[in-house]
Amino acid sequence: MSIKSWKELLFHVILTISVVGFVVALPTSDNKRASPDGLSKIKHVVLFMQENRSFDHYFGTMAGVRGFNDPNVVISSDTGKPSFYQPISPTSLQVGEPLPPPAINYLLPWYWNHEGGDSNDRYQCALSGSNGWKENHQAYNNGTINRWATKNTPYSMGYYKRADIPYHFGLAEGWTVADAYHESVIASTNPNRVSWASASLGVQQSRLGQGGPVLDNNENEGCETALDGSTKYSCYPYKWKTVPEYLEEAGISWQVYQDTDNFGDNPLAWFSNFQSAKANSSLANRGMSFIGLNKFYEDAKAGTLPSVSYVIGPTDLSEHPPYGPIDGAWLQQQVVDAVTSSPKYSETALLVSYDETGGWADHVMAPLPDKSTASDEYFQDPYDPTLGQQPVGPGFRLPFYIISPYTRNGGVFTEVASHESQTLFLEKWASANGKPFQTTQMTSWRRQHMSDLTRMFDFSSFDTSVPSLPTIRPASKDSSGNYNGASVCRAKYGGLQPSVPYTQKDSEGLTWEKGFKKMRGTPSEGHYITIETSNQALTFDSTSKVTTLTPPTVDHSSPQQRFILHSTQRQDPKNPAFLLQPFNTSSLYLSQGGSTTTDPSRASIYLFQDLGDGAGYSIVESKSGDPIFSSSSPSFSIFSVSY
């Protein structure tokens, strides 16, 4: 399909649905999912967070995920174009940014190593944009998501392909990758790592004098002051209760593994309870000591890890620009090898995440709550008072995958999640293992609407094999044994930035791999899907304009068997109700009895439920309760496809 027709299709569909404004009152319970018996099979959880990369930047070209072929991409209200098209002009850029030719008025995502040659080595130490609240809220632009290039930088639009980050692709596809995992805050490192460690930004705690909300990287005692002169935020140190303190009370063993060079990334060090912890106390020994990553590798390989491990990497291996993906991949290789070679790997889950986007663009903003019902999710903009109340988050998407025998070859997980989801997972897991806890710090909206990640696992399947993964060269060290990859890169190449390909063709920017992934979790928008069961697939007959059943293709590539999901309640990410549109039709939707309609109000609303543990999906018509099509099987498989 050409970009032009694709653009027109998206505009028509999204405009139509937004005007109709479906509202469906449906239960938001998680229903059947990964069972408590299944979760109890996991005895060790490893939480490993890297720095400053967005989902599009790493995985936008990956097959079978919500990437650069997104059928539900936001149509920017002020340009009428998909938000991939970032408006740009010589007069719109920040001072010092590379200027486009006069005739260029938009910039698409572009391949970071488009120059070829030694570019993947040369630009390991290149920079992106700002990860701050101001620049990222400007990129968000109240939902239009079309100011990445002008309010951040044209470099924000750069992305990698498989050949550049093969180890990251290998991990994400060898186990299970999530394509709807978001940063907690539309802001920088510290706010997001605080959310990771405590499930809160402190918006509600700010009323109690506990230091929130955390909106920037302040690590000086005292508060930051907004431009209005009175509003205070990021009042360091923070005083609310962290997740490790809940683990401690529940009798769950835990440990932070970090070297003395930890890039200042241990969020527990920003909380007063840890700063004032007595020497040799549990909080000091477990949360503030520097026992080293080698100790983690040793404990993992010996099978003596605590129940919960936090892994904090060193500066040059963090993947925070100018620290490159190759050195970060080497660190990930060490962590993954230690976990998968452990005698306890069969009962371990390694959660690999990134704290925030780092100024790299992503085209998907998380569903945001309504101001009137979730005031704790909004804050007066500290940099531009005229903007009023701005959403704290969740924000843009990040890379996220889970390494476990129960996530092996799991495809793509599509439930909307954020850093709070890791805490929700720990709560479910702890309860299944007889040591329940529940934090009181999380806002009610996030507790109700963010995924707990349990459907990423299939406890009916067990596979301890390790996929064939690329070998990563060792990270560079100086003569004293300190990592120095970025310094070596800058000394060799001078820290140059790649050229911005302003004149690239649309097809050169919006590119993706062909293929598919089996889906897990409650569906979310942004996927072309096939629906299959018992060697039959839902198929659209373009002549009769009805749906029928025909045998599926081996690679799920038939255009006639491809459909688009349109959520009926975008502000409720757990809402399982969708309209279904046949691929390559501009105004048709499925309705009862296999027919189609051009009137969205007459279209069938289908309820999708992941039955958990490999059982597939239940898909029923909301009014009648009938399955989407009759079959000898009560459940269906869904594949997210990219062709």
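Values quoted throughout were computed directly from the atomic coordinates according to the rules given, and no laboratory measurement underlies them. It should be emphasised that the depicted structure is a prediction, and the values quoted were computed from it without experimental measurement. As a convention, Cβ positions derive from the backbone with ideal geometry for all residues, glycine included, and neighbour counts pool all protein chains shown.
Rounded to the nearest 20 Debye, what is the dipole magnitude of segment 102-235 about its Cα centre when Lys and Arg each give +1 and Asp and Glu each give -1 at the C-beta?
For segment 102-235, the charge dipole is close to 300 debye.
What list of ³J(HN,Hα) couplings, whole Hz, do you get for segment 175-189 from phi and the Karplus terms 6.51, -1.76, 1.60, once you set θ to phi - 60° and write x for glycine and proline?
3J(HN,Hα) across segment 175-189, in whole Hz: 10, 10, 9, 9, 10, 9, 9, 10, 4, 6, 10, 7, 6, 8, 4.
Need the full-extension length gain, N220 to T597, defined as separation in residues times 0.36 nm minus the C-alpha distance. One decimal, nm.
Here the segment from N220 to T597 would lengthen by 129.7 nm.
Return the calculated 222 nm mean residue ellipticity for the chain, to the nearest 500 deg cm²/dmol, obtained by summing -39500 (n - 2.57) across DSSP H runs with n ≥ 4 and dividing by the residue count.
-5500 deg cm²/dmol
Could you tell me which residue out of P154, A250, V335 lies farthest along the dipole of segment 31-511 toward its positive end? Charges go on the beta carbon: Lys and Arg +1, Asp and Glu -1, centred on the Cα centre.
Of the options given, the answer is A250.
How large is ³J(HN,Hα), in whole Hz, for each residue of segment 379-390 in order, when computed from phi with the Karplus curve 6.51 cos²θ - 1.76 cosθ + 1.60 and θ = phi - 60°, using x for Gly and Pro?
Ordered by residue, 3J(HN,Hα) equals 8, 4, 4, x, 9, 9, x, 5, 6, x, 5, 10 Hz.
Just to check I understand the Karplus step: with θ = phi - 60° and J = 6.51 cos²θ - 1.76 cosθ + 1.60, what whole-Hz values come out for segment 159-164, glycine and proline as x?
These are the phi-based 3J(HN,Hα) values: 9, 9, 10, 3, 4, 8 Hz.
Amide H neighbours of V46 under 5 Å, counting only residues 5+ apart in sequence or on other chains, H built in-plane at 1.01 Å?
So V46 has HN proximity to S309, A349, L350, L351.
State the antiparallel share, in %, of DSSP beta bridges confined to the chain, rounding to the nearest 5.
65 percent
So how strong a dipole does the chain carry about its Cα centre when Lys and Arg Cβ are +1 and Asp and Glu Cβ are -1, to the nearest 20 debye?
Computed about the Cα centre, the dipole is about 640 debye.
Taking the highest mean first, how do the peptides 87-98, 518-529, 361-372 order by number of other beta carbon atoms within 10 angstrom per residue?
Per-residue mean Cβ counts within 10 Å order the peptides as 518-529, 361-372, 87-98.
When ranked by the protection proxy of mean other Cβ atoms within 10 Å per residue, highest first, what sequence do the peptides 544-553, 275-284, 247-256 form?
247-256, 544-553, 275-284
With the dipole of the chain worked out from charges on the C-beta (+1 for Lys and Arg, -1 for Asp and Glu) around the Cα centre, which of G616, G485, I291 lies farthest toward the positive end?
Result: G616.
Which one, S544, V500, T522, projects farthest toward the positive side of the charge dipole computed for segment 423-569 from Cβ point charges (K/R +1, D/E -1)?
V500
Once amide H atoms are built 1.01 Å from N in the peptide plane, which residues 5 or more positions from L215, or in another chain, come under 5 Å H to H?
It is S234, by chain and number.
Using amide H atoms built 1.01 Å from N in the peptide plane, name the residues 5+ places from F271, or on other chains, whose amide H lies under 5 Å from its own.
Amide H neighbours of F271: Y238.
Just how far, in whole angstrom, is segment 175-240 from segment 352-386 if you go by their alpha carbon centroids?
11 Å
Sorting check: for 391-399, 567-575, which peptide has the highest mean count of neighbouring beta carbons within 10 Å, and how do the rest follow?
The densest-packed peptide leads the list: 391-399, 567-575.
Students often get this wrong: which residues of segment 224-268 have the backbone nitrogen under 18 Å from the point 7 angstrom along Cα-to-C-beta of K344?
Once the point is set 7 Å along Cα→Cβ of K344, 244, 247-258 turn out to lie under 18 Å by backbone N, inside segment 224-268.
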